[in-house]
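Everything on this sheet refers to the single structure shown next.
The values are calculated or read from the model by the stated rules, or taken from the named source; none is laboratory data. Since the model is a prediction, treat every value here as computed from it, not as a measurement. Here the Cβ positions follow ideal geometry from the backbone for every residue, glycine too, while neighbour counts run over all protein chains shown.
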Amino acid sequence: MHKLYTFWRSSASYRVRIALNLKGLDYESIPIHFRKDGGQHKQPDFLVKNPQGLLPVLQTDGEHLLQSLAIIQYLDETHPDVPLIPRAPLARARVNAMAQLIACEIHPVNNLRVLQYLRQQLGQDDEGVKRWVQHWVGEGLRALETLVCEQGDGKHCFGDSITLADVCLVPQVYNAERFGCDLSQYPTLCGITEHLRGLQSFARAAPEQQADAEL
């Protein structure tokens, strides 16, 4: 049994939940709240598991694995059924490029700790933070829309099956919706997201379906 340290609205945790579901792997969700107890991710017992104090953390075989893309790569290599990362070098590079565009370029600039710094240290109000998110999310999604139009089939980001890129896309679109981003400019991404959200593995991983959800 895997243990996933998670938070319902963490998009990185959302990715790993999707991957675990796609692989058909049972796991126990252990909620780590960002505000309770002064931030449970900052408590010493959690920092032993991840010195960065970030989510998700996957506990498996007595080990604690960090960073969502690394966790999903581990799951793909240890449970190769329903592959998420292509084996062919060129296809793998293209899927990884899309996933990294989301996870390394778009996601960090709307991460909770970045938004908190904008508010607390730089004095930005809610409108300023919202404009920040909308700008940087838009920058990334414009590029991604072009890539998926060239490389996907309208239901998947790459090729005609689910890949790591799709696993990263759906949580990022969820974040974009939260901040009121205009997604009408990205019809292909919206179509892919709508298709994927209809699949059980994605639906079960959705934030509102989690035991710790605060709706």
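Miscellaneous remarks
- Selection of first residues in segment 142-162 that are under 13 Å from TYR186 (Cα atoms) and at pLDDT 95 or above and of second residues that are among the charged types (D, E, K, R) and part of a helix (DSSP H, G or I), restricted to Cβ pairs under 7 Å at least 6 apart or on distinct chains, gives the following pairs, ordered by first then second residue: CYS157/ASP166.
- Any hit, segment 42-58, residues being outside the structural domain of LEU141 (by TED's automatic domain parsing), surrounded by fewer than 18 Cβ atoms within 10 Å (Cβ to Cβ) and closer than 30 Å to GLU139 by Cβ: yes
- Single condition HIS33 does not satisfy, out of (1) touching a residue at least 60 places away in the same chain (Cβ under 8 Å); (2) farther than 22 Å from ALA165 by Cα; (3) touching a strand residue (DSSP E or B) at 6+ places or on another chain (Cβ under 8 Å): (3)
Quick grid of which residues meet (1) over 24 Å from ALA97 (Cα atoms); (2) among the hydrophobic types (A, V, I, L, M, F, W, C):
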site	(1), (2)
ASP126	yes, no
ASP182	no, no
PRO187	no, no
THR193	no, no
ARG204	yes, no
LEU215	yes, yes
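- Taken across segment 191-210, residues that are part of a helix (DSSP H, G or I), among the aromatic types (Phe, Trp, Tyr), buried (at least 22 other Cβ atoms within 10 Å of the Cβ) and modelled with pLDDT of 95 or more do occur, with at least one present.
- Residues of segment 158-190 that are at negative phi, surrounded by 15 or more Cβ atoms within 10 Å (Cβ to Cβ), outside any helix (DSSP H, G or I) and out of contact with any Leu (no Cβ under 6 Å at 6 or more places or on another chain): PHE158, ILE162, PHE179, CYS181.
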